[in-house]
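One structure is given here, and the rest of the page talks about it.
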Amino acid sequence: MVTRDGRRARVICTDMKSTTYPVVALIGNCSDGFEQLFTFSKNGEYAVNESSRSDLFFAPEKHEGWINIYRSEYEDYYKGKIIYSSKEDAIKRGEKTPDYITTTKIEWEE
């Protein structure tokens, strides 16, 4: 998890005995490396019904893989649909087909 302004957050519990702020998290302080304890609403809001730089979000995970590009039967149309974990595996699979063009690295966040 991260805060709206990008600080790292570690959720300690989500069931603290509180009707308004049941989520407890440790937030990393960028300047000194230490953590501070914060409480949040069940939706991760630092201040209920108000946007704050300390609101919690799931940090996007970065992924990368390799995809083969193939010629299609249609002009100016190419296809590729399987993501491989290594360039070597992708090339090994791609080179076996006559419509193989190249292998390229892709990156995305989820």
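The values are calculated or read from the model by the stated rules, or taken from the named source; none is laboratory data. As the structure is a computational prediction, the values presented were derived from the model and not from experiment. Backbone-built Cβ (ideal geometry, glycine too); neighbour counts: all protein chains shown. We work out accessible area using only protein heavy atoms, side chains counted, and drop any ligands, DNA or RNA first. Shrake-Rupley method; radii C 1.70, N 1.55, O 1.52, S 1.80 Å.
Out of everything in the range 1-54 that is of a type in the set (Gly, Ala, Ser) and more than 27 Å from Glu110 (Cβ to Cβ), what residue ends up being modelled with the highest pLDDT? Walk me through it before giving the result.
Restricting attention to the range 1-54, the residues satisfying the condition of being of a type in the set (Gly, Ala, Ser) are 6, 9, 18, 25, 28, 31, 33, 41, 44, 47, 51-52, 54.
Subset that is more than 27 Å from Glu110 (Cβ to Cβ): 18, 31, 33, 47.
Values: Ser18: 94, Ser31: 73, Gly33: 78, Ala47: 88.
Step by step, filter the range 1-54, then rank; the result is Ser18.
Out of all the residues in the range 1-38, which are open to solvent by less than 50 Å² (accessible area, probe 1.4 Å), more than 24 Å from Lys62 (Cα to Cα) and in contact with a strand residue (DSSP E or B) (Cβ under 6 Å, 6 or more places away or on another chain)? Residues satisfying the conditions are Cys13, Val23, Val24, Phe38. Checking each residue in the range 52-65 for being open to solvent by 50 Å² or more (accessible area, probe 1.4 Å) and touching an Asp or Glu at 6+ places or on another chain (Cβ under 8 Å) picks out Arg53, Pro60, Glu61, Lys62, His63, Glu64. Only strands (runs of 3 or more DSSP E) whose full extent lies in the range 6-110 are considered here, and the ones with at least 1 residues that are free of Cβ contacts under 8 Å to residues at least 40 places away in the same chain and in contact with a helix residue (DSSP H, G or I) (Cβ under 6 Å, 6 or more places away or on another chain) are 62-71, 100-109. What number of residues in the range 77-106 are hydroxyl-bearing (Ser, Thr, Tyr), surrounded by 14 or more Cβ atoms within 10 Å (Cβ to Cβ) and within 15 Å of His63 (Cβ to Cβ)? So the count comes out to 1. The single condition among (1) under 20 Å from the mean Cα position of the chain (by Cα); (2) farther than 30 Å from Ala9 by Cβ that Phe57 does not satisfy is (2).
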